[in-house]
Amino acid sequence: MDERVTLRSHLERSASQTPLGAAVGDVIKAIAAAAVDLAALIADGPLVGITGRNGGINSDGDQQKDIDVAADEMMRRALRNTPVAAVLSEEAALPETLHPDAPLCVAIDPLDGSANLENNISVGTIFSIRPRGNDILSTFFEPGTAQCAAGFIVYGPQTTLVLALDASVDIFILNRRTQEFVLTAAGVRVAPDTPEFAINASNRRHWHGPVRAYIDECLAGTNGGGAADFNMRWIGSLVAESLRILVRGGVFLYPADARPGYREGRLRLLYEAHPMALVMEWAGGAASTGRRRILELGAKTPHQRVPLIMGSVRGVRDVAAIHEGIEPMFDNSDAPLFARRGLFR
Ligand code: FBP
């Protein structure tokens, strides 16, 4: 028999730690149970009628796939039986009120990166839990420091749950035989420094000066005047990139850029950047826009986008350092300032 700690026993232990501990545990259990079913649906895909084709347009104008719609329904259904006042999903314009007097609010991306499924690359669910304030909408607009727990599930070769709870980050893997998540890494720490970066480099011509300067320095390598020989990874799946950073460090960047619709970045503050920032910080890493700490930002609209730079503290610090004193701008293609200004020289 497997004697390892299950998610269930981990949550039972946590329930008495804080006044909201039991309620938070109920929400996490519900999301995890839905994730078990979603993992099976994703694994079967076309065999059970999931075509990966269009399911409509979501509230923000994004093309949805049939699996996005199914994932959204599964997560909402699971949360209906939990002490949640309202849930904000990527797939709906506004938060849905569930139990107005319940103590928690949840923001969720039911299935992040679904475009990756066609070619069998990892996708995920991202969630953020916070105490309900007097007014539901303003609860979601509180800074990310208001979160009491957050995490994500990666549907990949394994189904992995990364959980930030009680100021610790723990990793669980789904045991397919028992259908239980089992603790495989406790108190995970992000390496403070590793020479690996992740960015969609095809957008280089759209980046603004500081981001271009940072990446150019990484690419220069030791024989080009840089401090280290960097490796690069880009999966195009936020959950997979985040898990890689937890396992072996590195810095991830999805900056703002000059393309229409990307001036505030691509990723959403409430159900992508906030939860990932909590995970990174509680694991000893960092998360920033390049100018401000992500967890200090409050949203003004439910689906607000934000530049996200996260991972190893020294990498994030280096990106922030190169932004200092530079106004946000997009018209500085290879401007001389950035040709001169660098981190390593
Ligand atoms: P969705 O929110 O539309 O699912 O997209 C999010 C995402 O797939 C992230 O997982 C990933 O980091 C990013 O978009 C990739 O963006 P791009 O295709 O521009 O490189």
### Message
Please report, ordered by residue number, every helix of the chain (full DSSP H runs) that is 18 Å or longer along its axis going by C-alpha atoms and whose mean Kyte-Doolittle hydropathy reaches 1.0.
### Response
21-44
### Query
Tell me, what % of the accessible area of the stretch 7-185 is carbon and sulfur with a 1.4 angstrom probe?
50
### Query
What is the distance in Å between the Cα centres of the stretch 14-44 and the stretch 208-266?
32
### P(r) of the stretch 196-338 over all Cα-Cα pairs, binned every 5 Å from zero, in whole percent
2, 10, 20, 24, 22, 14, 5, 1, 0, 0
### Query
Expressed as a rounded percentage, what relative contact order does the chain have, with Cα pairs under 8 Å and six or more residues apart?
16
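Say a site is exposed when it is one of the chymotrypsin sites (Phe, Trp or Tyr not before Pro), sits in a DSSP loop, and has at most 14 other Cβ atoms within 10 Å; what is then the longest site-free stretch of the chain? Don't jump to the answer; show the numbers that get you there.
On the way: sites that count: Trp234, Phe344.
Within the chain, the longest run free of exposed chymotrypsin sites (Phe, Trp or Tyr not before Pro) spans 1-233.
Measuring with a 1.4 Å probe in the full set of protein chains, what accessible area per residue, in whole Å², belongs to the chain? Intermediate results must be reported in sequence, preceding the final value.
Working: 14670 Å² over 345 residues.
Solvent-accessible surface per residue comes out at 43 Å².
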### Computed label-point distance, nm, for sites Asp60 and Asp135 using a 7 Å Cα→Cβ extension
2.3
### Task
Take the Cβ-Cβ distance between Asn120 and Arg204 as r, set R0 to 25 Å, and report the resulting FRET efficiency rounded to the nearest 0.05.
0.35
### Query
What nm distance separates the two modelled labels at Asn231 and Thr18, each placed 7 Å from Cα along Cα→Cβ?
3.5
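Kirkwood Rh, Cα Rg: Rg to Rh for the stretch 1-130?
1.01
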### Summary
Normalised per residue, the volume inside the convex hull of the alpha-carbon atoms of the chain in Å³ amounts to 133
#### Entry: Max mean-square fluctuation residue, GNM over the chain, Cα-Cα springs under 10 Å, options Val154, Val182, Val239
Val182
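The values are calculated or read from the model by the stated rules, or taken from the named source; none is laboratory data. This is a predicted model, so every value here is computed, not measured. Every residue, glycine among them, receives a Cβ derived from its backbone with ideal geometry; neighbour counts consider all protein chains shown. Only protein heavy atoms, including side chains, enter the accessible area calculation; ligands, DNA and RNA are left aside. Shrake-Rupley method; radii C 1.70, N 1.55, O 1.52, S 1.80 Å.
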